[in-house]
Each structure stands twice: as structure tokens, then as C-alpha cells.
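Here the structure comes first, spelled out in C-alpha cells, and everything after it is commentary.
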Amino acid sequence: MAHVECPSVLRVEVVYCPRPGATDLVALTLPAGATAAHAVHASGLAQRHGLPMAPLRLGIWCRVCEPGTLLRDRDRVEIYRPLTVDPKEARRLRYTRHKERLSRA
């Protein structure tokens, strides 16, 4: 049976979308044992976009994770924006606008 070695460095990406359609991505090389919080700090994205470090919601490949989650090679750490509108309310607003457009036609 072959022995699999853990890499001594990790290649990861940290990504943040400040608004719909815009993406800020930073590729990093971190030491083994780095966490999601280490990656965010090393990327400088939180500082660049004026995000507070404490309440940040993070994920790895679209799955929410804790800041202390250990990273693996080729992970993609995502910084999530807070919701500005409740999803149910957004659907109601879209429906109302759609209904108004139909009534004017």
C-alpha cells in the first residue's frame, strides 16, 4: 500500500463578490495547517473591501464553514456577503413588479 504524504504548502484561492457580477479573487500559497481565517487574513480581501473580521461568514466550495476550519490543497475559501433583503420579500417584490408590467401592457 502506497504512503500518501501531506503537502507542506497549500495552494488555495480566496474569493469575495462585493456586488452581483463582480468577483475579487486572490490565489495564495499557505503553510500546511492553515485555516480559513488565515487565508482570509493573508488575502487582504477583508481589509480591501472594508469588511469586519469578526462576523464574516465563510465557506469552502459553497459549504459554510467555521473560520477555524483546516484547509486542504486547492481549496476555495469564499467570503459571503450579508443578505440585504429577505429572500421571501425579494420574491414578493419581483412578483409585484411583474404583475404591474403585465397590467400596463
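Annotations for the structure displayed:
- Summed side-chain charge close to Gly50 - residues other than Gly50 whose Cβ falls under 14 Å, Lys, Arg +1, Asp, Glu -1: +2
- Estimated dipole of the chain in Debye, rounded to 20 [Cβ of Lys and Arg +1, of Asp and Glu -1, Cα centre]: 920 debye
- Positive-end extreme of charge dipole, the chain - chosen from Ala54, Ser8, Leu70 (charges on Cβ): Ala54
- Across the chain, C-alpha contacts under 8 Å between residues 6 or more apart give a mean separation that, scaled by the residue count, equals a relative contact order of 29 percent.
- Helix 87-104 axis versus longest C-alpha principal axis of the chain: approximately 40°, rounded to the nearest ten.
Bear in mind that the values in this text are calculations on the coordinates, not laboratory data. In this text the structure is predicted, and so the values were computed from the model without any measurement. Reconstructed Cβ throughout: ideal geometry from the backbone, glycine too, with neighbour counts over all protein chains shown.
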